[in-house]
Amino acid sequence: MKMTKTGARRLAIGGRCLVVMTGMPALAGCVQIDTPDKPIEINLNINIRQEVVYRLDGDAKKLIEQNSEIF
Amino acid sequence: MGKNGMRMKMWKPTGLALAAIAATAAVALSVPSAMAQRDPAYAAARAAGQIGEQPDGYLGFATTPTPAIRALVQDINIKRKAAYTASAQSTGSTVEQFAFTSGCNLIANTKPGEKYQTPGGVWKTRDASPPERDARCP
């Protein structure tokens, strides 16, 4: 297997990065990001927010009361 | 004695007037409730569990509907949408937002034996316990 100059350089850079990366946890001020335990939920009904529902609740009750023949 | 007689005479018309007011009030109270009654076919389909309330604020079919029930539900849903549209405009919200908020209330108002749809889309029969509603419902 022949290796080109750039290939060798890439490998060398990769190796150095690996050393830096493995050395990272030992350094202070290192930011660690963990994957969440729970699955990420994406609510598709973002156009109906709870605060909007709470704001409209009184008017909805009034509408139902005043038009009880269709509710 | 004479004074008492006078008082009796004075009270009589007042009593009659009170009775008349009471009668008028009774009529006035009974008229709106008679106007706001559900169509008998609608009430029957609801009670039979053929149709029920959906979380989106409209009626849906819990079982395959007859053409008559389908037409009835479509008619009511059109009227509901018109009412939601007017209220959405006056409250500065969208028709979907107002309809959804109404759906929260309509499912909460279902009587035991009536059908409602859960947020997951399953038709359930209302019992004495609180109905299964969307987490955003008040």
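Worth pointing out:
- B:G103 vs. criteria surrounded by 18 or more Cβ atoms within 10 Å (Cβ to Cβ) and at positive phi: no
- Residue within the stretch A:33-49 that is at pLDDT 80 or above, surrounded by 12 or more Cβ atoms within 10 Å (Cβ to Cβ) and not small (G, A, S) present: yes
- B:Q74 falls short on exactly one of the conditions (1) in contact (Cβ under 8 Å) with a residue 12 or more places away in the chain; (2) surrounded by fewer than 17 Cβ atoms within 10 Å (Cβ to Cβ); (3) polar (S, T, N, Q); (4) part of a helix (DSSP H, G or I), and that condition is (1).
- When the stretch B:70-114 is filtered for residues that are more than 19 Å from B:T125 (Cα to Cα) and aliphatic (A, V, I, L, M), the ones remaining, listed by number, are B:A71, B:L72, B:I76, B:I78, B:A82, B:A83, B:A86, B:A88, B:V95, B:A99.
- Within the set B:G103, B:G121, the sole residue that is within 23 Å of B:A47 (Cα to Cα) and in contact with an Asp or Glu (Cβ under 9 Å, 6 or more places away or on another chain) turns out to be B:G103.
- Summed over the stretch B:36-69, the residues that are in contact with a strand residue (DSSP E or B) (Cβ under 6 Å, 6 or more places away or on another chain) and at positive phi give a count of 1.
The values are calculated or read from the model by the stated rules, or taken from the named source; none is laboratory data. Source: prediction; values computed, not measured. Heads up, the Cβs are rebuilt from the backbone with ideal geometry, glycines too, and the neighbour counts pull from every protein chain shown.
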